[in-house]
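The values are calculated or read from the model by the stated rules, or taken from the named source; none is laboratory data. Being a predicted model, the structure only gives us computed values, none of them experimental. Counting neighbours? That spans all protein chains shown, and the Cβs are built from the backbone with ideal geometry, glycine included. Note: accessible area is taken over every heavy atom of the protein model, side chains too, but ligands, DNA and RNA are not part of it. Shrake-Rupley method; radii C 1.70, N 1.55, O 1.52, S 1.80 Å.
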Amino acid sequence: MRRAAAQNTTDIRLDPAASFTVSSRVPAVNEALLQHTPDGFHVESVPAAAVAAALGTPCYVYSAGAIRDAYRRLDAAFGARPHAIHYALKANSTLALVRLLRGLGSRVDANSIGEVDVALRCGFQPRDIVFTGVGKSTAELTRAVTLDVHAINVESPGELDRLDQIAIAHGVRARVALRVNPDIDARSHPHISTGLRDNKFGVPIAIARTLIGDMARRRGLVPVGVHVHIGSQITTLDPLTRAAEAVAALAGELVADGVPLEQIDFGGGLGISYDGAPVPDAGDYVRALVAAAGAVPLVLAIEPGRSIVGPAGVLLATVVDVKHVAGGRRFVVLDAGMTELMRPALYGAFHRIEPAAPRPGAPELSDVVGPICESTDRFARDLPLTPVEVGDLMVIRDVGAYGAVLGSTYLRRPLPPEALVDGDAWSTVRRRQTLDDLLQLEC
Ligand SMILES: Cc1ncc(COP(=O)(O)O)c(C=O)c1O
């Protein structure tokens, strides 16, 4: 398989040399499902060019096989230990993907009431849903309480009070888990780190035991668990393990106190390899959580997003200009930009970018950019690219998570379509937005 050299060092990952634990590379099977062949780039058995010809570019294409594989690896690694995988909808909540995951036995983690409703529309029951979010409105809390979701992950003492009042007013008891902040550095990008004391998330772990003891005495609350999530794109096991140990120790104390908890929710955060560098394997990650939980007799829940859908998606784009400027810089301008894929502009993230059908010739250092009138609209700087011409199809890899969901319609650019491939079949799972769709909301 051809692989572009990893040039860009601005990805949200650490120098692997600084890692505590690195056990293996990104699962090879995902790579095998999205790869170059002598006939060009394929997603499973479907040529990328065929999807691009039918849908136009830019468009997202996902591999159902890669999603199944990633989910099953996590699931299998728990072995006989009672567990629950709550797929984090924030990573990608396109209905077809959510339904696919439901078919695999996944539950969901929703970060807004919109995501709760998406889950219900996909056939999930309220008891499949954990509802997280640092600033839930009264309307959101009320809906979650009346639905009786599996757990509302509470972020502050004030939110506990509000939830108690809402539940009492509705004559019910809300199922709550307390999100703790363990003050652990995820060693990820600061913009997606959530477990440090000065991040806005959770309550200090030092006060959690008292708060949960208090929750158990409230008329409107049933404490069902403890929750932690220290960030995303975490590429070393050490911070995840330390957070798991901290929250498991807390859960153990609460169980010993007689609080009838049901679960420990370890959140999400497992990183993926955007550039081919080693990342922890899903199995090692789960085994670390199981070890941290030890003999605490609770269901082990996780909320993975990126590690399930990230490697399963590509963004297809067409070269619209190739521009040489004084000083030798070559700009390869694509019809996809930060409106379709925000991650590079948002946090300097690296994505492999490759021609779908590479032309022969020596690689040339290129800046790969989008068409948006912002200088931050750049996917890669000094990327070695084989010769490209206007009209060539390009593949931007590992965009299944935090890709389509972060899209915007800036410059009145309609949202791109999405396709799901399964073996040698594919279907459009979201059509391209039209300008009429966009303008429909306006008077
Ligand atoms: C509360 C919560 N759970 C789960 C996730 C999913 O994380 P990831 O996609 O890194 O697995 C996130 C994302 O940051 C989150 O905020």
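A few notes on this one:
- Using alpha carbons only: equivalent-ellipsoid semi-axes of region 194-270, gyration tensor based, whole Å: 24, 13, 10
- Rounded percent of accessible protein surface that carbon and sulfur make up, region 84-206, 1.4 Å probe: 50 percent
- In straight-distance terms, cross-link reach from K90 covers every one of the lysines whose alpha-carbon lies under 30 Å from its own, apart from those fewer than eight places away in the same chain; here that gives K136, K200.
- Sorting the segments 294-303, 339-348 by their mean number of nearby beta carbons within 10 angstrom, highest to lowest, gives 339-348, 294-303.
- A viscosity of 1.306 mPa s and a temperature of 10 °C, combined with the Kirkwood radius over C-alpha pairs in the Stokes-Einstein formula, give the chain a diffusion coefficient of 70 µm²/s.
- Accessible-area ranking of E442, E262, E354, largest first, probe 1.4 Å: E442, E262, E354
- Of C373, C122, the residue with the largest accessible area leads and the full order is C373, C122 (1.4 Å probe).
- Highest mobility in the GNM of the chain, judged by mean-square fluctuation with C-alpha springs under 10 Å and restricted to S307, S137, S188, is found for S137.
- What separates the Cα centres of region 85-116 and region 311-353 is a distance of 28 Å.
- With the helix formula -39500 (n - 2.57) applied to DSSP H stretches of n ≥ 4, the chain reaches a computed 222 nm mean residue ellipticity of -8500 deg cm²/dmol.
- With Cα atoms, 0 to 90° folded angle of helix 282-293 axis to the chain main axis: 20 degrees
- Using only Cα coordinates, the Kirkwood hydrodynamic radius of region 151-205 works out to 12.4 Å.
- Per residue solvent-accessible surface (Å²) - the chain, probe of 1.4 Å: 38 Å²
- Kirkwood Rh (inverse of mean 1/r, distinct Cα pairs), region 225-273, angstrom: 11.5 Å
- The chain: relative contact order in percent, alpha carbon pairs under 8 Å with at least 6 residues between: 21 percent
- H324 - accessible surface, heavy atoms, 1.4 Å probe, Å² rounded to 10: 120 Å²
- Sparsely packed trypsin sites (Lys or Arg not before Pro) within region 197-280, loop by DSSP, other Cβ within 10 Å at most 13: R197, K200, R217, R219
- Antiparallel %, DSSP beta bridges [both residues in region 21-131], to 5: 50 percent
- Gap separating the Cα centres of region 205-258 and region 358-422, nearest whole Å: 41 Å
- Counting only Cα atoms, region 243-320 measures 64, 22, 15 Å along its principal axes, largest extent leading.
- Region 25-177 - Rg over Rh from alpha carbon coordinates, Kirkwood radius: 1.09
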